[in-house]
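Working notes for the structure below.
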Amino acid sequence: MTRTIARAVARAFLCVMASAVPPCLMAAGAGKVPIDPAWAADPIWDDGKAEISLYSAERMIEGRTRAHDLTMIVVKEAFSDEGHVKADPPYGGRAITTVMKMNLASTIPADNYRYQFLTSIFVRRDDIRSLVKATVGSQEWCGNTFKEILFPDGRARIHAHSYFDGQGEIDQDLALGADGLLDEQLLIALRAAALPQGGSVKVRIADPITSNTAAPVLVRDADLSLAGIEDLETPLGRTRARRYLVERDGGGVATYWIEESAPRSLLKMIGGDGRTMLLTGRERRDYWTRR
């Protein structure tokens with residue numbers, strides 16, 4: 001079976017299972033981003049490899065915009081519901097959720113030393129709007145910071161440790177509700193977004209969790225819209241892209257360009273807080289294999 005036929009079969013199956021009206025969209029719950037579940041169901045994610053995308057990026061560090069390289073890794077995993085970690089086979093009799101994991105890794109030079117961040121986002125493969133777990137690790141010469149978001153009672157809760165006074169240990173309910181997304185989660189959720197051109201939806205989005213502090217995380221209302229479909233020039237060439245806008249209450253507009261054809265990569269992002277990302281390369285490989 002060719003990959004094209006496999007994709008078509010997966011899309012048709014999911015449309016039947018979701019009892020959707022064509023085009024096949026999942027929009028369970030008011031305020032949720034409508035998505036095409038066929039993106040995550042694509043058999044390409046079953047090839048035993050990870051998608052590795054390289055970005056030229058910027059972020060505000062110590063009051064200045066710092067240029068750096070960012071690596072995004074997306075891979076399908078079997079997730080242990082009990083241990084909240086990647087499950088090793090055999091899986092028989094165990095509670096397992098199939099997830100899509102997205103890692104964001106960056107090393108950012110500053111005036112005196114480098115900042116290192118690794119953010120991991122785990123979402124359900126059958127509905128990538130549904131967050132399962134998130135973690136952030138930050139290391140720099142002044143200290144370590146670690147954050148973890150889990151759902152111990154069905155509600156999102158963040159537990160964090162940092163080296164800052166007053167932030168040594170933080171526990172906080174995260175008011176995502178049934179339709180909220182993490183800011184970093186948008187980088188994967190928008191790849192499956194299925195808004196019509198000119199369409200919009202109100203969503204709730206948490207402020208970015210990738211940082212070296214453990215300050216409280218705010219969740220704000222926002223408008224997500226598909227502002228247009230246009231050609232975008234990137235280091236990989238000229239590509240047709242969907243341009244999404246995220247306008248947060250209280251100010252701040254972020255723009256995301258998502259490749260229109262498969263694999264619908266994030267091509268470019270301009271945040272309202274000094275962050276930018278531009279795709280410079282991508283490949284599929286089993287990066288965990290020692291060669």
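Please treat every number below as a calculation from the coordinates, not as lab data. For clarity, every value in this text was computed on a predicted model and none was experimentally measured. Here the Cβ is made from the backbone with ideal geometry for all residues, glycine too, and neighbour counts use every protein chain on show.
Short-range pairs are left out: with C-alpha atoms under 8 Å and at least six residues apart, the relative contact order of segment 224-277 is 25 percent. Here the contact order of segment 169-291, divided by its residue count and restricted to Cα pairs under 8 Å and six or more residues apart, works out to 17 percent.
FRET efficiency for the residue 88 to residue 236 pair, using the beta carbon distance and R₀ = 35 Å, is estimated at 0.50.
Legend: calculated FRET efficiency, residue 172 to residue 110, from the Cβ-Cβ distance at R0 = 25 Å, rounded to 0.05, equals 0.35.
Looking at segment 163-267, which chymotrypsin sites (Phe, Trp or Tyr not before Pro) are DSSP coil and have at most 16 other C-beta atoms within 10 Å of their C-beta?
163, 164
Within straight-line reach of residue 202, meaning a Cα separation under 21 Å, sit the following lysines at least 8 residues removed in sequence or on another chain: 32. Put a plus charge on the Cβ of each Lys and Arg, a minus charge on the Cβ of each Asp and Glu, and nothing anywhere else: the dipole of segment 50-285 about its Cα centre is then about 680 debye. Output the antiparallel fraction of DSSP beta bridges having both residues in the chain, as a percent to the nearest 5. Looking only at bridges with both residues in the chain, the antiparallel portion is about 95 percent. For the set 49/268; 101/133; 49/86, the pairs lying more than 19 angstrom apart at their alpha carbons are 49/268.
Run through segment 212-247 and list the GluC sites (Glu not before Pro) located in a DSSP loop whose Cβ has at most 12 other Cβ atoms within 10 Å.
Those that pass, being in a loop and sparsely packed, number zero.
Taking every C-alpha pair closer than 8 Å and separated by at least 6 residues, the mean separation divided by the residue count of the chain gives a relative contact order of 16 percent. In terms of its C-alpha gyration tensor, the chain has a rounded overall shape, because the principal axis ratio a/c (a ≥ b ≥ c, square roots of the eigenvalues) stays below 1.5.
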